[in-house]
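Trainee: The structure under discussion is supplied below as structure tokens; questions concerning it will follow.
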Amino acid sequence: MNTPDREQALQLLQKYNSSESLINHALAVEAVMRYIAKKKGQDEDKWGIVGLIHDLDYERYPDEHCTKTRQILEENHWPDEYIRAVVAHGWGICSDVEPLSEMEKTLFAIDELTGLVAATALVRPSKSVMDMEPKSVLKKWNQKSFAAGANRAIIEKGALMLEVELTELIKDTIYGMREIAGDIGL
């Protein structure tokens, strides 16, 4: 097993993905994972790399999401802990691997939430997360047609698993995304 560094993870992501929106999503998830890892005194690099690589197979193999990523990461001799976390983010959708560790639960919870936060930012006058607070996201929460792809039930389930208030999870997601707002156009 080799422990991948960020550059290796980014190169692998770019090998399998060319869509700007998918790469920006990966960067957003990475930033939020790093932010929350730092807040919790966890390994920021590990959490960030897992966030960066979590949708590795989505552009090329959407019908094999998570399954193909497992295969690719195993072929590249990634550590089991990283592979399990990535596969667990699809729990109940395309994977039967339940998120158990703090890192796995966090990825599960914030993956969909980053999309909802980004969509909310884009309808604001500033089109940015820099001046956004959780109440803006919560105002859009019950509008099911708004960012319809962001599964609110998964976000809520993730917050419950993490034993954090939804508002706090949204705040952490916004603050994490602020770290790279310029890079992802927000």
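The values are calculated or read from the model by the stated rules, or taken from the named source; none is laboratory data. Just so it is clear, the model here is predicted, and its values are computed rather than measured. Cβ coordinates were reconstructed from backbone atoms using ideal geometry, including for glycine residues, and neighbour counts include every protein chain displayed.
Trainee: Under the condition of being acidic (Asp, Glu) and buried (at least 17 other Cβ atoms within 10 Å of the Cβ), which residue from segment 51-64 is farthest from Tyr16 (Cα to Cα)? Break it down stepwise before answering.
Mentor: Step one: filter segment 51-64 for residues acidic (Asp, Glu), giving 55, 57, 59, 63-64.
Going one step further and asking which of them are buried (at least 17 other Cβ atoms within 10 Å of the Cβ), we end up with 55, 57.
Values: Asp55: 10, Asp57: 7 Å.
Residue satisfying both the conditions and the ranking: Asp55.
Trainee: Being more than 17 Å from Glu156 (Cβ to Cβ) and not in a helix (DSSP H, G or I), is that true of even one residue in segment 99-113?
Mentor: The answer is yes, given that some residue of segment 99-113 is more than 17 Å from Glu156 (Cβ to Cβ) and not in a helix (DSSP H, G or I).
Trainee: Mind checking which pairs have a first residue in segment 160-186 that is farther than 18 Å from Met103 by Cα and a second that is among the hydrophobic types (A, V, I, L, M, F, W, C) and surrounded by fewer than 18 Cβ atoms within 10 Å (Cβ to Cβ), Cβ under 9 Å, 6 or more apart or different chains?
Mentor: Here the result reads Thr167/Leu138; Arg178/Met130; Ala181/Met130; Gly185/Leu122; Leu186/Leu122; Leu186/Met130, each pair linking segment 160-186 to a residue that is among the hydrophobic types (A, V, I, L, M, F, W, C) and surrounded by fewer than 18 Cβ atoms within 10 Å (Cβ to Cβ).
Trainee: Quick test for you: out of Glu81, Glu44, Glu59, Glu75, pick the one residue that is without any contact (Cβ under 8 Å) to a residue 60 or more places away in the chain and out of contact with any helix residue (DSSP H, G or I) (no Cβ under 9 Å at 6 or more places or on another chain). Outline the logic, then answer.
Mentor: Working: Glu81 fails: out of contact with any helix residue (DSSP H, G or I) (no Cβ under 9 Å at 6 or more places or on another chain); Glu44 fails: out of contact with any helix residue (DSSP H, G or I) (no Cβ under 9 Å at 6 or more places or on another chain); Glu59 fails: out of contact with any helix residue (DSSP H, G or I) (no Cβ under 9 Å at 6 or more places or on another chain).
Matching residue, one of Glu81, Glu44, Glu59, Glu75: Glu75.
Trainee: Which members of segment 81-131 meet the condition of being of a type outside the set (Val, Ile, Thr) and in contact with a strand residue (DSSP E or B) (Cβ under 7 Å, 6 or more places away or on another chain)?
Mentor: Going residue by residue through segment 81-131, those that are of a type outside the set (Val, Ile, Thr) are 81-82, 84-85, 88-92, 94-96, 98-105, 107-109, 111-113, 115-116, 118-119, 121-122, 124-128, 130-131.
Ala88, Glu98, Pro99, Phe108 - these are the residues of segment 81-131 that are of a type outside the set (Val, Ile, Thr) and in contact with a strand residue (DSSP E or B) (Cβ under 7 Å, 6 or more places away or on another chain).
Trainee: Where residues in segment 125-169 are part of a loop (DSSP other than H, G, I, E, B) and either touching a Pro at 6+ places or on another chain (Cβ under 8 Å) or basic (Lys, Arg) (or both), which of them is farthest from Ile184 (Cα to Cα)? Show your work before the answer.
Mentor: Of all residues in segment 125-169, those part of a loop (DSSP other than H, G, I, E, B) come to 125-133, 142-151, 163-165.
If we keep only those that are either touching a Pro at 6+ places or on another chain (Cβ under 8 Å) or basic (Lys, Arg) (or both) as well, we get 127, 144.
Details: Lys127: 11, Lys144: 24 Å.
Here the residue is Lys144.
Trainee: Residue check, Gly176 against (1) touching a Phe, Trp or Tyr at 6+ places or on another chain (Cβ under 6 Å); (2) at pLDDT below 95, all met but one. Which one?
Mentor: Failed condition: (2).
Trainee: Also, I was wondering about something else. Ile170 is checked against (1) within 23 Å of Gly92 (Cβ to Cβ); (2) more than 14 Å from the chain's Cα centre (by Cα) and fails just one. What number does that condition carry?
Mentor: Tallying (1) within 23 Å of Gly92 (Cβ to Cβ); (2) more than 14 Å from the chain's Cα centre (by Cα), Ile170 fails exactly one: (2).
Trainee: Same structure again: Could you grab me the full set of residues in segment 65-111 that are within 21 Å of Glu44 (Cα to Cα), aliphatic (A, V, I, L, M) and surrounded by fewer than 18 Cβ atoms within 10 Å (Cβ to Cβ)?
Mentor: Hit for segment 65-111 is Leu100, nothing else.
Trainee: Follow-up question, since we're still on this one. Pairs under 6 Å by beta carbon, first residue in contact (Cβ under 8 Å) with a residue 24 or more places away in the chain in segment 130-150, partner assigned to a helix (DSSP H, G or I) and among the polar types (S, T, N, Q), six or more apart or different chains?
Mentor: Between residues of segment 130-150 that are in contact (Cβ under 8 Å) with a residue 24 or more places away in the chain and residues that are assigned to a helix (DSSP H, G or I) and among the polar types (S, T, N, Q), the close pairs are Pro134/Thr167; Val137/Thr120; Lys140/Thr120.
Trainee: In segment 112-158, which residue that is more than 17 Å from Ala181 (Cα to Cα) and among the β-branched types (Val, Ile, Thr) is surrounded by the most Cβ atoms within 10 Å (Cβ to Cβ)?
Mentor: Ile155
Trainee: Further question on the same structure: For Arg34, state whether it is at pLDDT 95 or above, within 25 Å of Gly182 (Cα to Cα) and basic (Lys, Arg). Working first, answer last.
Mentor: Numbers: at pLDDT 95 or above: yes; within 25 Å of Gly182 (Cα to Cα): yes; basic (Lys, Arg): yes.
The answer is yes for Arg34.
Trainee: Moving on. Within segment 119-178, count every residue that is on the phi > 0 side of the Ramachandran plot and of a type in the set (Asp, Glu).
Mentor: Pass one, segment 119-178, residues on the phi > 0 side of the Ramachandran plot: 127, 147, 163.
Add one more test, that the residue is of a type in the set (Asp, Glu), and what stays is 163.
Final tally of qualifying residues: 1.
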